[in-house]
2 protein chains.
Amino acid sequence: MLKYELLKTDGQARRGRLTLNHGTVETPIFMPVGTYGAVKAMSPRELEEVGARIILGNTFHLWLRPGTKVIQALGGLHGFNRWPHPILTDSGGFQVWSLGKLRKIEEHGVHFASPINGDRLLLTPEESMRIQHALNSDIAMVFDECTPYETEGQLTTRDEAERSMQLSLRWARRSRDAFEQLGQGPSIQRGGDRDTLTEDRNALFGIVQGGMFTDLRDESLAGLTEIGFDGFAIGGLSVGEPKEDMVRILNHVAPRLPQHKPRYLMGVGTPEDLVRGVAAGIDLFDCVLPTRNARNGWLFTRFGDLKLRNARWFNDPRPIDPGCSCYACAGGFSRAYIQHLQKVNEILGARLATIHNLHYYLTLMQEMRSAIETGTFQDFVTRFHVDRGRGVDGDRPDGSSD
Amino acid sequence: MLKYELLKTDGQARRGRLTLNHGTVETPIFMPVGTYGAVKAMSPRELEEVGARIILGNTFHLWLRPGTKVIQALGGLHGFNRWPHPILTDSGGFQVWSLGKLRKIEEHGVHFASPINGDRLLLTPEESMRIQHALNSDIAMVFDECTPYETEGQLTTRDEAERSMQLSLRWARRSRDAFEQLGQGPSIQRGGDRDTLTEDRNALFGIVQGGMFTDLRDESLAGLTEIGFDGFAIGGLSVGEPKEDMVRILNHVAPRLPQHKPRYLMGVGTPEDLVRGVAAGIDLFDCVLPTRNARNGWLFTRFGDLKLRNARWFNDPRPIDPGCSCYACAGGFSRAYIQHLQKVNEILGARLATIHNLHYYLTLMQEMRSAIETGTFQDFVTRFHVDRGRGVDGDRPDGSSD
């Protein structure tokens, strides 16, 4: 089941509501990344507490370990990881693509060696759909090729980007067909009278590719729209391109995505990127940044980023952000204490930092939802940049004094 | 402030109540070990939830990192680690002793090289008291030498054990004197009219040494009693001796400890050891076993130990113990899932296992307290051994089938 309600707009920014088999998600929203079936350092309870309502699972990693048989036996990914709310899974395409020289991309699919045990494996659109069906994710993604920004210093040419985009389109159709055969086809292909029969089906999203070329992006979107999907993602960004290219493609593609379907910007990004994405009309985001950075002592706050491992916090009694209501900050855990925990590799150090960063990200999304509702999104954006630029304790905004 | 009320006895087993500056502790109780100011993988909130009411901090580790200045600036160890309930700190003696050839024990104290940066350091009874005073632990331990069971294959002789015990006695007196000078002296040395003035002082425990020789243990206890302490610990057990020696010394010393003061068995042990200790009249226990073993996939349950990494649990949908009410078990996290998390080094795998093991240990203590209250401790012990011997799913009780 997938229903997207567009509740309110403010400029291009959208306030929506996504109803999926495992619950309702208020958009725009950020989805924490649960690579191996767990958002690193977090429990499901803590995820709920920081405001998460949909998380991402990595098809590729779960396929390799523990494998779909186990997860299916445990009741799908929700039963396995005890997350009762919606889950989106990627297709595995990005992970096999990231293997670089260890993989070979052909028309049929991608051949590669397992990074776990060297086994020769093949991932295809059909196999990706089979896995995501077994995981029973609320939103499955089509198997695609992520067009690189550059390869060994050579920028991807228009021809290369076009060939890659066309391959992704053919894979998108195969993904859709395979998804349908699994009893998961998009209702757009079915008569209204059969809606009751398909109520518990999961959703399938297409992914717009086309590299840094706006006309290829248009062509990709047109092809995907013709095939028909429940939602649309922008892929192939945050892959090493300059920020201005990212912004250019985002601002070109986002407003052209179908108005009454959810829009997902994949693998992006910083708090500034989230604000930029919402301003362009994006509803869903995911990124490892808040969780990975937390474990490395990089904290996001309303007033800029705080590099926890800097010596200046050695005996600082203040929480990460005195104005924050997360368990780490409201619980009174000091910068000195969390720095100490991270220095001596105590798990609680990673935990408190992760709780804070995810709480910050999800609160930021909540604030943007409220601003759109009240028609004050532009004011919010202005204040957001002023606040973030202030710096923690008057640090330089880019944190370079650290 | 330290008040020990002996509420009820059942055989040698004691049901008591310990009132300390940071709260009341129902005894007998197990104290989770928070080496670096955090019980590994746990948050303070989770510690409360599993039933912990007093935790242990390691003076030696906290002295080296982050140092007493920082902790004092943060309001002592309670302010630093945000644990509002009582804390007991060891003296650092056991840790410097464990450095082996890297340390040199003299009358004045122990010289050693810092395992962090090689700095040449000296730990003395006076320094240990100063550190524990700065940490503001509710219960400080005297600085002592832990008499080894054997050294390079040679059993400790009676002469060696006696010399070691006498040194510990002299250090115990110096510890008491230094503790008093810090304004922390035991009220036993003061008039009843001054009780109000000393209400917020912390407690200091003596440690009975004497190796495997009961007469030396008696001598140690007599010396400590003469000096005067708020409570008494049995040290120098679980240092490599055969179980029967441990039991012999425990059963000899425990009943001889002062009746109206708390009794603490240091660094022990397995669930069976806890039951044996309570039966002998012990009130307080600490051990790294439940936390360390959890991270290695060794789970304690009512029906025996479960080795989580065994292939047989690969797709097992059951929680660690279906009858357990901890977050890991009642939350429905399966053996399959926790095994997977530990295999892929997800922090949540260590967390769920630790929560379960500590919950098991603290529930075991709760059950023993109830049994003593109702005068059914011996029945409890019988049932405990039957249950533990049953094995998880009819495994062989020693878990050897794993």
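The values are calculated or read from the model by the stated rules, or taken from the named source; none is laboratory data. This one's a predicted model, so the numbers in the text were calculated from it and none came from an experiment. As a convention, Cβ positions derive from the backbone with ideal geometry for all residues, glycine included, and neighbour counts pool all protein chains shown. For accessibility, only protein heavy atoms count, side chains too; no ligands or nucleic acids. Shrake-Rupley method; radii C 1.70, N 1.55, O 1.52, S 1.80 Å.
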With every protein chain in place, chain B: carbon and sulfur % of accessible area (1.4 Å): 50 percent
Too-long pairs where the Cα-Cα distance tops 18 Å, listed order kept, from A:Lys343/B:Lys101; A:Lys307/A:Lys343; A:Lys40/B:Lys343: A:Lys343/B:Lys101
Cα-based helix-to-principal-axis angle, B:243-253 vs chain B, degrees rounded to 10: 50 degrees
Per-residue ³J(HN,Hα) for segment A:293-307, Karplus 6.51 cos²θ - 1.76 cosθ + 1.60, θ = phi - 60°, Hz, x for Gly and Pro: 4, 4, 5, 9, x, 9, 9, 9, 9, 3, 9, x, 8, 10, 8
Backbone HN-Hα couplings from phi across segment A:315-331 [Karplus 6.51/-1.76/1.60, Hz, Gly and Pro as x]: 10, 7, x, 6, x, 3, 9, x, x, 8, 9, 6, 4, 5, 7, 5, x
From the C-alpha gyration tensor of chain B, square roots of 5λ in Å: 34, 24, 22
Accessible-area value, A:Val386, 1.4 Å probe, nucleic acids and ligands omitted, Å²: 100 Å²
Approximate spin-label separation A:Asp379-A:Ala113, in nm, with each point projected 7 Å along Cα-to-Cβ: 6.0 nm
Summed residue charge, Cβ within 14 Å of B:Pro115's Cβ, Lys/Arg positive, Asp/Glu negative: +3
For A:Asp305, residues with placed amide H under 5 Å, excluding near neighbours: A:Val392
Computed over the protein assembly as shown, Cα set: Rg, Dmax in Å: 30.6, 94
Accessible surface, per residue, of chain A when the full set of protein chains is kept, probe 1.4 Å, Å²: 37 Å²
Over chain B, relative contact order from alpha-carbon pairs under 8 Å, at least 6 apart, %: 17 percent
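Count the net charge of all other residues whose Cβ sits under 10 Å from the Cβ of A:Ser128, scoring Lys and Arg as +1 and Asp and Glu as -1. Before the final figure, lay out the partial values.
Working: positive: A:Arg130, A:Arg174; negative: A:Asp90, A:Glu126, A:Glu127, A:Asp144.
Around A:Ser128, the surrounding residues sum to -2.
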Those GluC sites (Glu not before Pro) in segment B:80-182 that DSSP places in a loop and that have at most 13 other beta carbons within 10 Å: B:Glu106, B:Glu107, B:Glu152
Rotation relating A and B, chain B residue nearest the axis via C-beta, angstrom: B:Ile347, 3
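How do B:Lys101, B:Lys3 stack up against each other in accessible area, from largest to smallest, with a 1.4 angstrom probe?
Working: B:Lys101 180, B:Lys3 100 Å².
Largest to smallest exposure gives the sequence B:Lys101, B:Lys3.
How big is the A/B interface in buried accessible area, both sides summed, 1.4 Å probe, to the nearest 100 Å²? Each step should come with its number before you reach the end.
On the way: alone 16720 and 16670 Å², together 29940 Å².
For A against B, buried area totals roughly 3500 Å².
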Accessible surface of A:Asp119 - all protein chains present, 1.4 Å probe, nearest 10 Å²: 80 Å²
7 Å along Cα→Cβ, label-point gaps from B:Gln12 to other copies, nm, shortest first: 7.8
Solvent-accessible ranking of B:Arg163, B:Arg295, largest area first, probe 1.4 Å: B:Arg163, B:Arg295
Amide proton proximity set for B:Ala233, modelled H, under 5 Å, gap of 5+: B:Gly206, B:Ile207, B:Val208, B:Tyr264
Across the identical copies, how the A:Asp200 labels are spaced - nm, sorted shortest first, 7 Å along Cα→Cβ: 6.3
Accessible area of A:Glu26 in the full protein assembly, 1.4 Å probe (Å², nearest 10): 60 Å²
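Can you compute the helix-only [θ] at 222 nm over chain B? Use -39500 (n - 2.57) per DSSP H run of at least 4 residues, normalise by all residues, nearest 500 deg cm²/dmol. Write out the running numbers ahead of the final one.
Numbers: 15 runs with 158 residues, N = 402.
-11500 deg cm²/dmol, from helical runs alone.
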Candidates B:Thr382, B:Thr214, B:Thr27: whichever shows maximal mean-square fluctuation once chain B is modelled as a Gaussian network with Cα springs under 10 Å: B:Thr382
Environment charge at A:Ala140 (Cβ cut-off 11 Å; Lys +1, Arg +1, Asp -1, Glu -1): 0
Angle between chain A longest axis and helix A:158-179 axis [Cα atoms, degrees, rounded to 10]: 70 degrees
Stokes-Einstein D (µm²/s) once Rh is taken as the Kirkwood radius of segment B:211-332 over alpha-carbon pairs, at 25 °C in 0.890 mPa s: 148 µm²/s
Sequence of B:Leu341, B:Leu122 from largest to smallest accessible area, 1.4 Å probe: B:Leu122, B:Leu341
For segment B:67-217, fraction of C-alpha pairs farther apart than 24 Å, in %: 40 percent
Partner aspartates and glutamates for B:Lys69 [C-alpha distance under 19 Å; skip if fewer than 8 residues away on the same chain]: A:Asp316, B:Asp90, B:Asp119, B:Glu126, B:Glu127, B:Asp138
Crossing angle, helix B:377-390 versus chain B [Cα axis fit, 0-90 degrees, rounded to tens]: 50 degrees
Spherically averaged projected area of segment A:303-402 from its Cα convex hull (nm²): 6.3 nm²
